[in-house]
1. Taking only C-alpha pairs under 8 Å that are 6+ residues apart, what is the relative contact order of the chain in percent?
2. Could you state the number of Å between the C-alpha centres of region 309-342 and region 20-68?
3. Tell me which of GLN255, GLY27, TYR7 sits at the most positive position along the dipole axis of the chain, charges placed on C-beta atoms (Lys, Arg +1; Asp, Glu -1).
4. Counting other beta carbons within 10 Å of each residue's own, what order do MET1, MET156, MET221, MET244 fall into, fewest first?
5. Please tell me which of these pairs span more than 26 angstrom C-alpha to C-alpha: LYS206/LYS299; LYS240/LYS273; LYS98/LYS273?
6. Residues with amide H under 5 Å of TYR133's amide H, sequence separation 5 or more or different chain, H placed in the peptide plane at 1.01 Å from N; which?
7. Tell me, what is the Rg over Rh of the chain, with Rh the Kirkwood radius over Cα pairs?
8. For TRP322, TRP216, what ranking results if the residue with the fewest other Cβ atoms within 10 Å of its Cβ goes first?
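No lab work stands behind these numbers, since they all come straight from the coordinates. All figures in this text were calculated on a predicted structure; none of them were measured in a lab. Neighbour counts are summed over all protein chains in view; Cβ atoms, including those assigned to glycine, are modelled from backbone coordinates with ideal geometry.
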Amino acid sequence: MNKKYEYSDTTQLSPHFNAKEFRCKCGKEHEFMISNELIEKLEKLYAALNCSKIIVTSGFRCTAHDKTVGGSGTGQHTLGNAADICCYGQDGQPISSKVVCCKAQDIGFRGIANITAAYQYTHVDVRPNGKWYGDEVHGNNTVTDDFYKYFGGEDMKGIDVSVHNGNIDWGKVKADGIDFAILRAGYGRLASQKDEKFEQNYAGAKAVGLPIGAYWYSYAMTPEEAELEADVFLSVIKGKQFEMPVYFDLEEKKQFDLGKEQVSAIMRAFLKKVENAGYFVGLYGSASSLTTHTADDIKSRYTIWLAHWVDQTNYSGAYGIWQHSENGKVAGINGNVDLDICYKDFPTVIKGKGLNGWGKTPTPVPNVPDTGVTVTVQIGKDSYKGTLKKV
Ligand SMILES: [Zn+2]
Ligand SMILES: [Zn+2]
């Protein structure tokens, strides 16, 4: 049972939400209920979207009021489990409900819906059972299992390459329908371990206008070694611009043998350092390593590049890119190449925020708060092309 509040109650429930915002708006000054979990998740949403404010347009509703606004009189609002909200970004503008729905899905709201055709208002709830992902513009039915796919349109097809792929004809790659590439920048702790084809691949992909990201292959056994790897990685990519995220790739058996706690500490050390230098950084990992060797805080904070070479992945966590094959054939590349699908419009977000070499001076700042570089997702239909591989 959710907690009850007197109509006059003005308890500050969390840093950004006061009880009075959830009062019924029917005009009768009666008591109301609010779920603690709803408030917790709204705070997470606030942080994840880097909001300047969230306006609650409708919180608790009595039966009569719920019916007045078109509800059944028994819905989640009448139980104190729901809020209709408008989220505002740091620029003072409403954040698209498409983005809010995707983030709400990541955070684990069980009821989520876009409310208006203008995509400004979003319903979120913490119903006790089941899941409802709706779009009230199209009726009150569940419309999707995944808002990223529902709002994202078609996805970007990509490849990831290293020196092992030899000399690449990037013009042919692009003409074959590839929309982005992730380049191996190097490995380990020494500057001499820069990937031998990194500069060539960077120049070649840039020349044909392909969005690119980069990754660093780790051998670190301690967080300190991971920081040294981050330093080398940052020196290798310095002065370059990436439309896609840059990734930490940890997959050595001797590293996994250290156990989940130490592996997670190594990951955090690298990711934090690269993020603080002004990069949209993510983690590459197999479905099993993400499940068994990666702490939850890492998976919720950093974008995930999932490696799972199957037709349909059963990995249940969130991910922005899926590497679905290591046996791809793409024009312009001899032999097999890793194939990827991207579900998020990273270029818009990264360029918009001036990360990855696009504008902001990448000065390492030791005390950047966790919300300093926010991993948000902008769904820009125009940036999606290519063919959707159903997952
Ligand atoms: Zn009422
Ligand atoms: Zn609602």
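1. Working: 832 pairs, mean separation 54.3, N = 391.
Relative CO of the chain lands at 14 percent.
2. Cα centres, region 20-68 to region 309-342: 42 Å.
3. Final value for the positive-end residue is GLY27.
4. Values: MET1 7, MET156 24, MET221 16, MET244 29.
Ordered from fewest to most neighbouring Cβ atoms within 10 Å, MET1, MET156, MET221, MET244 come out as MET1, MET221, MET156, MET244.
5. With Cα atoms farther than 26 Å apart: LYS206/LYS299; LYS98/LYS273.
6. It is ILE112, VAL143, THR144, by chain and number.
7. Numbers: Rg = 22.7 Å, Rh = 22.3 Å.
That ratio is 1.02, to two decimals.
8. Working: TRP322 24, TRP216 29.
Final ranking by Cβ density, sparse to dense: TRP322, TRP216.
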